[in-house]
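Q: Questions regarding the structure given below will be posed in turn.
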Amino acid sequence: MIQKLKKKFILINMGLVSSVLLITFGIIIYADYKSALSDWEKSLRMTMYMSDQTMPDMEQFDIGKAPRKGNEPPLSTFLSFRVDVSSNGEIIGMQGNNVEATDEFMAEAVGLVLKSEKTEGFLPEYKLRFLIEKEGENMHIAFVDTSRQVQDFNKLILTLLLVGGAGIGAFFAISLFLAELTIKPVKEAWEKQRQFVADASHELKTPLTVILANAGILLSNKQGKIVDQEKWIYYIKTEALRMKKLVEDMLFLAKADVEKPSYELPELNFSEVVWSSLLPFESVAFEQGIKLQNEITDNIFLKGNEGQLRQLIAILMDNACKYTNKEGCITAKLFVKQDKVLFSVNNTGVIISKEEQKHVFERFYRVDESRVRIEGGYGLGLSIAKSIVERHKAKILVTSMRGQGTTFVVSFQKCHE
């Protein structure tokens, strides 16, 4: 899928650039051709009405030969001449301001013109453009040499082809680079999605296996009483509840990825929310032999969703309880620093390495697998915490050092009074 998307991106880019270049070069070629046509038309008209009296004494050139030497400046006029023809097709005379032509050449050129039965046109054999005007029974045929302009025109086309080819080649290389750069976040998101599905399938497999195994035991003892099968039922219920929690967490993350709050979050007393959210953990800490401390500044207000903020606090506190050793300490703080509201949870015990700190907010990531197997959990808590923080336009950071423990700090924007 990623490769197809990359190819599609390159094809669209190359198609657009090629179209722009073709249109631009087409306009240039058309404009040059129209300009040449206009110049030829003017030269033909001037040649048609010139006379011996109006012709200055000019250097003469044989038609079809190079008008100037390489070290001389180009001519400012076109090579042109006029042939007067009688009604029976005989050449009466020839007028030329800067060319000489043989009788054979004029006869052949006039023959080709009369054979074309056109009043104006082009003789590709000699690169001559002609114009016919009748005067009584006779006619005048004006010729202008286009070889120089045709040569310049061909050079222009060749130059544009070379420039276009080089430009397309260069942009193809740029498109490859841009495709890699553009597809990279899509690729990362795709890989994360695949990993999420794989991890979710793995996590769901265990409780489903336990449920099916215990259900099989119950079915194999159809005559048994419920009281005798209580532990199997209890196992089924426990795994079902764990699976329900996992599904709810995954749904929360899935909704958080696509849903953005479209309403203004209400202002609330965050100090009271923190106080009430910490109370349930006093008994948890007591049972685990952990010392629980708090430093909560009163009457700190911010805008947020109370339910989600309580869930955030519960996740951070539950995570601290899981990774604090017996007789350890957990400290929760809430205070204001400049225009920020900072909520932090510090715990002693397990230290998170620098490398692991980069991954703690990833879905299904666990710092200590052995402890998780004992304590339970799927590694989604901190991912949910980060999602809640982002929905409140806040930031969450983690630091972990020996002697200082592990600290999670959430930075909110303070409500302005």
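Q: Here are some residues: V144, V186. Which one is in contact with a strand residue (DSSP E or B) (Cβ under 6 Å, 6 or more places away or on another chain) and either in contact (Cβ under 8 Å) with a residue 40 or more places away in the chain or among the aromatic types (F, W, Y) (or both)?
A: After ruling out the rest, the residue left standing is V144.
Q: Within region 314-339, which residues are under 28 Å from N299 (Cβ atoms) and among the β-branched types (V, I, T)?
A: Of everything in region 314-339, those that are under 28 Å from N299 (Cβ atoms) and among the β-branched types (V, I, T) turn out to be I315, I330, T331, V336.
Q: Residue check: is K225 out of contact with any Ser or Thr (no Cβ under 9 Å at 6 or more places or on another chain) and modelled with pLDDT of 80 or more?
A: Spelling it out, it is not the case that K225 is out of contact with any Ser or Thr (no Cβ under 9 Å at 6 or more places or on another chain) and modelled with pLDDT of 80 or more.
Q: Say we look at region 263-315 and pick out the residues that are at pLDDT below 90 and of a type in the set (S, T, Y); which of these is surrounded by the fewest Cβ atoms within 10 Å (Cβ to Cβ)?
A: The residue in question is Y263.
Q: Another question, if that's okay. Only residues that are touching a helix residue (DSSP H, G or I) at 6+ places or on another chain (Cβ under 7 Å) and either outside the structural domain of N346 (by TED's automatic domain parsing) or among the hydrophobic types (A, V, I, L, M, F, W, C) (or both): list them for region 285-312, please.
A: Selection gives A285, I290, L292, I296, I300, F301, L302, L309, L312.
Q: Further question: How about region 1-19: which of its residues are among the β-branched types (V, I, T) and either more than 16 Å from I174 (Cα to Cα) or in contact (Cβ under 8 Å) with a residue 40 or more places away in the chain (or both)?
A: I2, I10, V17, listed by residue number.
Q: Another question about this same structure. Looking only at region 351-358, decide whether some residue is basic (K, R) and either at positive phi or in a loop (DSSP other than H, G, I, E, B) (or both).
A: yes
Q: If the requirement is being touching a residue at least 12 places away in the same chain (Cβ under 8 Å), surrounded by fewer than 11 Cβ atoms within 10 Å (Cβ to Cβ) and not acidic (D, E), which of these qualifies: S87, S175?
A: S87
The values are calculated or read from the model by the stated rules, or taken from the named source; none is laboratory data. Quantities reported herein were computed from a predicted structural model and do not represent experimental measurements. Reconstructed Cβ throughout: ideal geometry from the backbone, glycine too, with neighbour counts over all protein chains shown.
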